[in-house]
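One structure is given below, encoded as structure tokens.
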Amino acid sequence: MGLLSDPVRRRALARIVLRLNTPLCVLSYVAGIAWFLALAFPPLTQRTYMSENAMGSTMVEEQFVGGDRARSFARDFAAHRKKPGALPVAWLERSMRSVGLEVYTQSFSRKLPFPDETHERYMVSGTNVYGILRAPRSASTESLVLTVPCGPDATNSQAVGLLLALAAHFRGQIYWAKDIIFLVTDHDLLGTEAWLEAYHDINVTGIQSSPLQGRAGAIQAAVALELSSDVVTSLDVTVEGLNGQLPNLDLLNLFQTFCQKGGLLCTLQGKLQPQDWTSLEGPLQGLQTLLLMVLRQASGRPHGPHGLFLRYGVEALTLRGINSFRQYKYDLATVGKALEGMFRKLNHLLERLHQSFFFYLLPALSRFVSIGLYMPATGFLLLVLGLKALELWMQLHQAGVNPEEAGKAPSPGTPLLPTQGVGLASLTAPLLISQAMGLALYFLPVLGQHLATQHFPVAEAEAVVLTLLAIYVAGLALPHNTHRVVNSQVPDRGWMALKLVALIYLALQLGCIALLNFSLGFLLAATMVPAAALTKPHGPRTLYAALLVVTSPAVTLFGSLFLWRELLEVPLSLAEGWQLFLTALAQGVLEHYTYGALLFPILALGLYPCWLLFWNVLFWK
């Protein structure tokens, strides 16, 4: 305490902090980026292992041989679906009853906030069909779910056929201790969300649906299946859920274990697993997979029906059958055996999956990075903001010392002036106007879409996207920088105080985001921190302005799309990237209002106003 209370010692500490601040900031930023890139290399990446004792062994005998029956169900389903052009509800009810399930239906409807041009829908109505296999050894207190989403873009005929064949096989077994729900949803994720809300008796998205007539026990785990061919070359597993949620790692380990047991090729992010981690090639391939996972998790989208189950505390995965040009092919019987083994092991659970990790990154299916190893990467980046904030605080509280002379020691004959405070009134204008721009960016695009369509020849979805871009750009042109100066003797105190507030605001936001969704927090920190640290109204203002624009949230999203397609080895042209960017904006807003995705409000209400504060600092008068 004496170091901070003694004025002479405090000035000595300030001189040290100011002298070493820039080298420490550069070192911290480089350390954060290097730490992240090293996550795909041993020893930071570790082998996966099963933590749940009840699932630690694969010694179950899979007896499923209903491949032909699954294909027969798939052909009938596809034939009935072609006739009315919608989900064949009556045929599904008959088929489920024929295999001995309790069958129920649920109708739902949803008016989207604006038309979804990607899936060509606005007023959505559909019917979900589900059958319940009651456990002969319990009182319906727990359940498992096997679900197949059906939509206008993908019928998933083979997945429905395999679901019905598995239901028939499971019906003949007596070892089930949990109810099993076989669910076929209409309109993809909209049907899944409607069913989950009705099952848990809540309504968080505004979907109108009929109450469920039949229920099972508390759902412990779920598997979503997507198959569109009679044979597959591999099964691709998807783990990224709504707002970056991930399932318990043991569920992913269970899937990989039974794929290995049955000789079924499994992939992550569409990438095969590296075989050699001792050479440089294996970790570099793992780094590509890890970057793909980071980009998908940062989007906050539910990348499959499992992503909506995670919101309700249900551990879930989505399995997609891939039929490529690889030599080895697997039929539906092989896939069914893997699913049978997974459900039999999940049937052994005495409690919810909880012993393994919920926060992790995956460079491969057999490798993971735990939260304790990847969080320092974000910590190093946020340290830059802390060091810059400390530097500004030291400069603001040095009595009678200008920022340019902050590193100089006062001469013995120089009298010490009393500390001059910074009036918060001068910061009110930029703070309020920046936050008002964020509110306008969040509310006006959807509320003003009808007004825009009346005065301009655009559709509703185009109006929402164009309004978003117009408000975003208008924030740069508004004269929201205050002309008042805190103290005429120390004119730099105004922008220094504003930047100090902006640095603290940005650090708090990025820290909270990283705790909830590490991938989103890291990507934003990696792009926004350098510009936030360098911005000031002196020096090469044009260079600082270009750096701020390039690292803004919208440009970060635009660049992430190009990086994502490059990692998928499907590069984009500039025109294609722009169209994909506009589609991503529309889908981001739509998914917020439809499913509760938080990326849009985080950017509009939090990071965009904060970014405008740095823009205000740059053009401070």
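Restricting attention to the range 419-427, does a residue exist that is surrounded by fewer than 13 Cβ atoms within 10 Å (Cβ to Cβ), over 29 Å from the mean Cα position of the chain (by Cα) and modelled with pLDDT of 80 or more?
Here is the first cut: in the range 419-427, the residues surrounded by fewer than 13 Cβ atoms within 10 Å (Cβ to Cβ) are 419, 421, 424-425.
Right, trim to over 29 Å from the mean Cα position of the chain (by Cα) and you get 419, 421, 424-425.
Now restrict to residues that are modelled with pLDDT of 80 or more: none.
No, the conditions are met nowhere in the range 419-427.
For (1) under 18 Å from V184 (Cα atoms); (2) touching a residue at least 24 places away in the same chain (Cβ under 8 Å); (3) in contact with a helix residue (DSSP H, G or I) (Cβ under 9 Å, 6 or more places away or on another chain), each residue gets a yes or a no:
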| site | (1), (2), (3) |
| --- | --- |
| Q63 | no, yes, yes |
| V89 | yes, yes, no |
| G100 | yes, yes, yes |
| F108 | yes, yes, yes |
| D116 | no, yes, yes |
Q: Mind listing whichever residues of the range 211-233 are assigned to a loop (DSSP other than H, G, I, E, B) and open to solvent by 40 Å² or more (accessible area, probe 1.4 Å)?
A: P211, Q213, R215, S228, D230
Q: Determine whether the range 468-481 contains at least one residue that is closer than 24 Å to K621 by Cβ, out of contact with any helix residue (DSSP H, G or I) (no Cβ under 8 Å at 6 or more places or on another chain) and at pLDDT below 85.
A: yes
Q | Among (1) open to solvent by less than 80 Å² (accessible area, probe 1.4 Å); (2) part of a helix (DSSP H, G or I); (3) aliphatic (A, V, I, L, M), the one test that L20 misses | A | (1)
Q.
Quick check on the range 253-300: of everything there that is farther than 22 Å from F357 by Cα and of a type in the set (D, E, K, R), which residue is most open to solvent (accessible area, probe 1.4 Å)?
A. E281
Q. Do we find a residue being modelled with pLDDT of 90 or more and farther than 23 Å from T289 by Cα anywhere in the range 393-408?
A. no
Q.
Would you confirm, using the coordinates I've provided, whether V384 is modelled with pLDDT of 80 or more and either open to solvent by 10 Å² or more (accessible area, probe 1.4 Å) or closer than 25 Å to V30 by Cβ (or both)?
A. yes
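Among what's in the range 179-205 and is among the hydroxyl-bearing types (S, T, Y) and assigned to a helix (DSSP H, G or I), pick the residue that is surrounded by the fewest Cβ atoms within 10 Å (Cβ to Cβ). So that I can check it myself, show each step before the final result.
Step one: of the range 179-205, the residues among the hydroxyl-bearing types (S, T, Y) are 185, 192, 199, 205.
Subset that is assigned to a helix (DSSP H, G or I): 192, 199.
On the way: T192: 26, Y199: 21.
Selected residue: Y199.
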Q: Pick out the one residue from L590, L585 that is in contact with a strand residue (DSSP E or B) (Cβ under 7 Å, 6 or more places away or on another chain) and surrounded by 21 or more Cβ atoms within 10 Å (Cβ to Cβ).
A: L590
Q) Is there any pair with a first residue in the range 335-361 that is closer than 30 Å to F518 by Cβ and in a loop (DSSP other than H, G, I, E, B) and a second that is open to solvent by 10 Å² or more (accessible area, probe 1.4 Å) and among the hydroxyl-bearing types (S, T, Y) whose Cβ atoms are under 8 Å apart and which are 6 or more apart or on different chains, and what are they? A) Q355/S51; S356/S51; F357/S370; F359/S370
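From the list L189, L225, L242, L252, pick out the single residue that is within 23 Å of the chain's Cα centre (by Cα) and more than 27 Å from Q106 (Cα to Cα). If you could, list the steps in order and put the result at the bottom.
Details: L189 fails: more than 27 Å from Q106 (Cα to Cα); L225 fails: more than 27 Å from Q106 (Cα to Cα); L242 fails: more than 27 Å from Q106 (Cα to Cα).
Residue meeting the stated conditions: L252.
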**Q.** Qualifying position, being under 28 Å from G66 (Cβ atoms), open to solvent by 30 Å² or more (accessible area, probe 1.4 Å) and not in a helix (DSSP H, G or I), among G100, G131
**A.** G100
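State the number of residues belonging to the range 511-555 that are in a loop (DSSP other than H, G, I, E, B), of a type outside the set (D, E, K, R) and either open to solvent by 40 Å² or more (accessible area, probe 1.4 Å) or farther than 22 Å from S370 by Cβ (or both).
In the first step, residues of the range 511-555 are kept if they are in a loop (DSSP other than H, G, I, E, B); the result is 517, 535-540, 551-552.
Right, trim to of a type outside the set (D, E, K, R) and you get 517, 535, 537-540, 551-552.
Now restrict to residues that are either open to solvent by 40 Å² or more (accessible area, probe 1.4 Å) or farther than 22 Å from S370 by Cβ (or both): 535, 537-540, 551-552.
Residues meeting the conditions: 7.
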Q.
Whether any residue in the range 557-567 is open to solvent by less than 50 Å² (accessible area, probe 1.4 Å), hydrophobic (A, V, I, L, M, F, W, C) and outside any helix (DSSP H, G or I) is what I want to check.
A. no
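Taking L390, is it under 25 Å from the mean Cα position of the chain (by Cα) and of a type outside the set (K, R)?
Numbers: under 25 Å from the mean Cα position of the chain (by Cα): no; of a type outside the set (K, R): yes.
It is false that L390 is under 25 Å from the mean Cα position of the chain (by Cα) and of a type outside the set (K, R).
Could you check the range 33-89 and list, in sequence order, the residues that are charged (D, E, K, R), open to solvent by 50 Å² or more (accessible area, probe 1.4 Å) and either modelled with pLDDT under 85 or not in a strand (DSSP E or B) (or both)? Quick ask: steps written out before the conclusion?
Residues of the range 33-89 that are charged (D, E, K, R), as a first pass: 47, 52, 61-62, 68-69, 71, 75-76, 81-83.
Next, only the ones that are open to solvent by 50 Å² or more (accessible area, probe 1.4 Å) stay: 47, 61, 68-69, 71, 75-76, 82-83.
Across the range 33-89, the qualifying residues are E61, D68, R69, R71, R75, D76, K82, K83.
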Q: Determine which member of the set L284, L308, L290, L246 is of a type in the set (A, V, I, L, M) and assigned to a loop (DSSP other than H, G, I, E, B).
A: L246
Q: Return the only residue of S552, S573 being under 30 Å from T428 (Cβ atoms) and out of contact with any His (no Cβ under 7 Å at 6 or more places or on another chain).
A: S552
Q) Out of (1) in contact (Cβ under 8 Å) with a residue 24 or more places away in the chain; (2) closer than 14 Å to E340 by Cα, what's the single condition that is false for G172? A) (1)
Q.
Consider the range 548-607. How many of its residues are under 27 Å from P113 (Cα atoms) and not small (G, A, S)?
A. 30
Q) If V145 passes every condition in (1) buried (at least 24 other Cβ atoms within 10 Å of the Cβ); (2) touching a strand residue (DSSP E or B) at 6+ places or on another chain (Cβ under 9 Å); (3) assigned to a helix (DSSP H, G or I) but one, which one does it miss? A) (3)
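The values are calculated or read from the model by the stated rules, or taken from the named source; none is laboratory data. These numbers come from a predicted model, not from an experiment. All Cβ positions, glycine included, derive from the backbone under ideal geometry; neighbour counts span all protein chains shown. To get the accessible areas, we keep the full protein, side chains included, count just its heavy atoms, and leave off ligands, DNA and RNA. Shrake-Rupley method; radii C 1.70, N 1.55, O 1.52, S 1.80 Å.
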